[in-house]
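This report concerns only the one structure given below.
A short reminder: the numbers here are calculations on the coordinates, not readings from a lab. Keep in mind the model is a prediction, meaning the values are calculated, not measured. Here the Cβ is made from the backbone with ideal geometry for all residues, glycine too, and neighbour counts use every protein chain on show.
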């Protein structure tokens, strides 16, 4: 199974050709994580019509794919990952720590993203587009 990072979900909305080409060439299932939904939601201004259309697109995506849910144990692992990376001098953002921990905890060892900082995290292979 391959996890899709938040930036990949935004690029799916935009119809990013390189991403679509990459995904079509892979013979594995894709999954999302609840942390990405939270991250996307903070970018949705309910007073802007286009944003509500975006929200509908993301709602449909999260119904189509398996979603790794958040729970207290996962959030604890996310925090530990964040602090471990920081202690190694390789800072990764808090939301990206949650995304990485979500996928790793679910046995997902590949992530589609444009964000190179995921390459620093042991247990995740980055598939860039």
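With everything on Cα atoms, drop me the angle between helix 94-105 and the longest principal axis of the chain, reported from 0 to 90° to the nearest 10.
Approximately 80 degrees, to the nearest 10.
Specify the inter-centroid distance of region 8-72 and region 79-129, based on alpha-carbon positions, in whole Å.
Between the Cα centres of region 8-72 and region 79-129 lies a distance of 18 Å.
For the chain, go through all pairs of different Cα atoms, get the mean of 1/r, take its inverse, and jot down that Kirkwood value in Å.
The answer is 15.0 Å.
Sorting 65, 21 on the 10 Å Cβ count, fewest up front, what's the list?
Fewest-to-most Cβ neighbours within 10 Å comes out as 21, 65.
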